[in-house]
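The values are calculated or read from the model by the stated rules, or taken from the named source; none is laboratory data. These numbers come from a predicted model, not from an experiment. Positions of Cβ are backbone-derived with ideal geometry, glycine not excepted, and every protein chain shown enters the neighbour counts.
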Amino acid sequence: MRSALKFSRSPLLVSILVVLSIALGVIGLRGLGVLEPLELVAYDWCIRLRPDATGPDPRIVLITISEDDIRKQGRWPLTDQTLAEALEILIRYLPRSIAIDLYRDIPVPPGHNRLNGIFEEFPHHSDDETFG
C-alpha cells in the first residue's frame, strides 16, 4: 500500500496522466468539431500574415472575353473560326499548355473543322468546355 501511494505521488506519473488527459480531451473536442471555428480563425490569421511579395507568376497569361470584345465581334457566342484564330496566335508563342474555360454544346459555324484541327494538333490543352 505504501509503495502504491509513493508511486502515485511520483512527478513522472502525474505528468504522464496530465499529458494523456489533455491529449485525449483535445482529440475528443476536435472529433466533435468544437475546435473547428478556432482552427479556422487561426488559419485565416496565418494566411493574412504571409507576405505577398511574390505577386502573380509572369509565366501565366490570362486572356478573357469581355463585353467590349463581344460588342466588337457583334455576336455571341464567338464563332469557331474566331476561337481558332485566337488559338493559332497563342500557339505561335509555344506555350506549354492552354486552358479554355468556355461552354458550348453545339458548333458555331464557320470554322468548326479548323478549331477541331487545332485541338488535334496541339495536344497540351485543357478544355473545360463542351464543343459540339
Inset, instruction - Give the range 71-92 a look and list any residue that's surrounded by 13 or more Cβ atoms within 10 Å (Cβ to Cβ), over 28 Å from the mean Cα position of the chain (by Cα) and at pLDDT below 90, or say none. - result: Q73
Inset, instruction - Output the number of the condition that V61 fails; it satisfies all remaining conditions of (1) in a loop (DSSP other than H, G, I, E, B); (2) farther than 24 Å from L94 by Cα; (3) not assigned by TED's automatic domain parsing to the domain that holds P95. - result: (2)
Legend entry - Qualifying residue in the range 29-49 (condition: of a type in the set (S, T, Y) and at pLDDT below 85): no
Inset, instruction - Name every residue in the range 120-132 that is out of contact with any strand residue (DSSP E or B) (no Cβ under 9 Å at 6 or more places or on another chain), outside any helix (DSSP H, G or I) and at pLDDT 60 or above, in order of residue number. - result: P123
Inset, instruction - Kindly check whether there is at least one residue in the range 22-33 that is outside any loop (DSSP other than H, G, I, E, B), out of contact with any Phe, Trp or Tyr (no Cβ under 6 Å at 6 or more places or on another chain) and closer than 30 Å to I89 by Cβ. - result: no
Inset, instruction - Just one of (1) assigned to a loop (DSSP other than H, G, I, E, B); (2) exposed (fewer than 14 other Cβ atoms within 10 Å of the Cβ) trips up G117, so point out which. - result: (1)
Legend entry - the range 34-58: number of residues that are within 19 Å of the chain's Cα centre (by Cα) and closer than 30 Å to P95 by Cα: 6
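Residue-wise test of (1) of a type in the set (K, R); (2) under 19 Å from P123 (Cβ atoms); (3) not assigned by TED's automatic domain parsing to the domain that holds P123; (4) not in a helix (DSSP H, G or I).
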{"position": "W45", "(1), (2), (3), (4)": "no, no, yes, no"}
{"position": "L78", "(1), (2), (3), (4)": "no, no, no, yes"}
{"position": "Q81", "(1), (2), (3), (4)": "no, no, no, no"}
{"position": "A84", "(1), (2), (3), (4)": "no, yes, no, no"}
{"position": "I89", "(1), (2), (3), (4)": "no, yes, no, no"}
{"position": "L102", "(1), (2), (3), (4)": "no, yes, no, yes"}
{"position": "D105", "(1), (2), (3), (4)": "no, no, no, yes"}
{"position": "V108", "(1), (2), (3), (4)": "no, no, no, yes"}
